[in-house]
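Here's the structure we're looking at; comments come further down.
The values are calculated or read from the model by the stated rules, or taken from the named source; none is laboratory data. Keep in mind the model is a prediction, meaning the values are calculated, not measured. Backbone-built Cβ (ideal geometry, glycine too); neighbour counts: all protein chains shown. Calculation scope for accessible area: heavy atoms of the full protein, side chains included, ligands and nucleic acids excluded. Shrake-Rupley method; radii C 1.70, N 1.55, O 1.52, S 1.80 Å.
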Amino acid sequence: MTTTAGPAAGPATAPAATRPVRASDGRSARTRRWRNRAWVLFFLLPSAVPLAVFTLAPMVSSLWVSLHSWNLISPMEWVGLGNYTDLLTSATTWRVLAHTLGYIAGYLPLVYAGGLGLAVLLNRAMRGRAFFRAAYFLPVVTSWVVVALVWQWLLNPSNGLVNQLIAPVLDAVNGVFGTELTPPGWWTDPQWAMPSVVLASAWKDLGFVMVILLAGLQSIPGDVLEAARVDGASAWQRFWRITFPLLSPSTFFVVVISLINGFQVFDQVFVMTGGGPSGASQVVVGQIYDLTFRYGRAGEASALSWILFALILLVTAVQMRGQRKWVTHA
């Protein structure tokens with residue numbers, strides 16, 4: 001009897017073997033993570049140590065000092081929040097804050113408009129463009145003391161170059177209209193002291209704003225502007241409808257940095273006017289300096305510095321929040 005064998009059954013497929021997870025694997029992963037963190041910390045130490053010693057430690061120390069009454073010589077006396085209360089209820093604090101805000105109100109539009117104008121002009125193809133870019137940026141890397149002294153001489157009421165140029169114009173106006181206009185007293189006049197500082201500050205920082213906005217202009221796609229030109233848009237329409245909105249990220253950066261620097265203005269005020277005349281140009285940082293080194297009230301000075309820090313932090317946070325509504329990214 002012949003038996004017909006059926007098709008040979010293939011070998012059974014064994015399930016894929018899985019290696020059991022051992023406790024040593026978890027320890028190895030944790031060891032690798034800690035080793036990576038150690039290497040990161042090692043490479044951060046050269047910058048982290050100076051940051052902690054020269055920035056974080058003084059900040060914590062100033063916060064501690066702000067809670068005391070201290071004249072830099074005698075032992076500190078605990079006053080709690082008394083320094084903050086005295087400052088916030090002092091007319092002097094609000095006056096120097098108003099001067100600082102007035103400086104910002106004059107400085108920011110002037111430096112932005114001037115920097116934008118220079119950026120637009122120097123973004124075009126022209127002979128000597130590299131020279132002009134370097135020339136306008138040179139004041140940025142010049143010492144503030146040097147710039148302030150130069151502008152103090154230029155704005156000298158008696159023999160300054162600016163008044164020598166203005167005087168003939170005012171004489172002509174007086175002759176025509178019968179007025180009695182005279183050149184400004186600039187940094188010797190309480191009404192003109194702060195405008196003097198604003199002019200010097202804007203002149204020095206024009207190059208910085210120009211470079212930032214110039215980089216923003218060069219990042220705008222050229223085909224977008226060319227398409228608008230082909231569609232019949234005028235030069236002003238192309239600038240206002242395309243260039244200016246696409247320049248908003250650079251504008252945002254300039255505004256944030258300029259506001260922070262504006263709140264901390266000190267060098268030019270100290271050299272040009274010393275906060276005078278009669279306190280007409282005194283600013284917050286100048287008041288911090290005077291409280292510490294002239295009046296021996298380091299506790300109040302530290303408290304005022306923390307109030308200024310909180311104000312800058314608040315203004316910056318508002319700007320960061322508000323950028324979502326007006327900053328356009330290409």
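Peptides 280-292, 130-142 ranked from most to least packed give 280-292, 130-142, packing being the mean of other C-beta atoms within 10 angstrom over each peptide's residues.
Ranked by the mean number of other Cβ atoms within 10 Å of their residues, highest first, the peptides 78-89, 266-277 fall in the order 266-277, 78-89. A straight line joining the Cα centroids of the range 305-324 and the range 37-112 runs 14 Å.
Here the accessible area of the range 83-326 is 66 percent carbon and sulfur, with a 1.4 angstrom probe and all protein chains present.
Listed values (i) 356; (ii) 141; (iii) 152 include one computed from this model; for volume of the Cα convex hull per residue in Å³ that value carries the label (i). Each Lys and Arg contributes +1 and each Asp and Glu -1, all at the Cβ; summed about the Cα centre of the range 83-326, the dipole is approximately 720 debye. Computed with a 1.4 Å probe over protein heavy atoms only, the accessible surface of the chain comes to 63 Å² per residue. A Förster radius of 51 Å, combined with the Cβ-Cβ distance separating residue 237 from residue 159, puts the computed FRET efficiency at roughly 0.60.
The Cβ shell under 11 Å around residue 268 holds other residues with a net charge of -1, Lys and Arg each +1, Asp and Glu each -1.
Highest mean first, the peptides 178-186, 217-225, 199-207 sorted by other C-beta atoms within 10 Å per residue fall in the order 199-207, 178-186, 217-225. For the chain, averaging the sequence separation of C-alpha pairs within contact (under 8 Å, six or more residues apart) and dividing by the residue count gives a relative contact order of 25 percent.
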